[in-house]
Amino acid sequence: MLTLMNRDHLMSRFGGGARGAFSSVSRALTAEHKSVRTGEVALSSFAFGFIQGRYGQKAAPFGVPLELWSGVSHHLVALLPFHGITKYSHHLHALGDGALATFFAATGSRVGSRVAAGGGFLKSFSGEFVGGEDKPISGGASLTDAEMTRLIRGGK
């Protein structure tokens with residue numbers, strides 16, 4: 001048994017020498033990085049889910065849900081080419097992923113509930129991204145010709 005406890009035997013257990021040992025260490029660090037990222041995404045998702053549950057529509061600056069703002073802004077900040085930010089960009093991406101996951105999971109849940117209640121799939125998206133449940137998705141095209149004419153003429 002003692003004869004097996006030599007350098008060559010130990011290195012062969014790591015895949016045959018120093019290269020195998022470095023490969024094993026690299027795999028372990030990658031696994032640790034993935035578990036940290038998973039934890040950050042889960043924590044971010046929980047936090048934004050809590051905010052959604054606690055504050056509801058109040059947490060929607062300019063009518064856009066806070067988790068959507070945060071998810072997009074975390075990703076944009078992570079892309080900035082500053083050294084201080086670049087060093088932590090993988091953490092910012094993970095937090096942004098959690099925020100976006102919360103937004104899309106909640107949106108999917110609401111749309112799924114509407115479909116289950118008998119609404120059509122596309123019609124179930126009405127109000128999800130702009131204005132609330134009672135308003136359809138809208139833009140300038142939702143104005144009638146008469147309303148558009150009145151706006152152009154200054155309310156006449």
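Just so you know, all these numbers are worked out from the coordinates, no wet-lab data involved. Note that this is a predicted model, so its numbers are computed, not measured. When we count neighbours, we look across all protein chains shown, and the Cβ atoms used for this are built from the backbone with ideal geometry, even at glycine.
Summary of packing: across the peptides 43-52, 84-93, the per-residue average of other C-beta atoms within 10 Å ranks them, highest first, as 43-52, 84-93.
Couplings 3J(HN,Hα) for the stretch 111-120, derived from phi with the Karplus relation 6.51 cos²θ - 1.76 cosθ + 1.60 (θ = phi - 60°), are 5, x, 5, 5, 5, 5, 7, x, x, x Hz, where x marks Gly and Pro. Report note on the peptides 67-75, 115-123: ranked by the mean count of other C-beta atoms within 10 Å, highest first, their order is 67-75, 115-123. Modelled spin-label separation between Val64 and Thr107, with each label point placed 7 Å from Cα along the Cα-to-Cβ direction: 1.2 nm.
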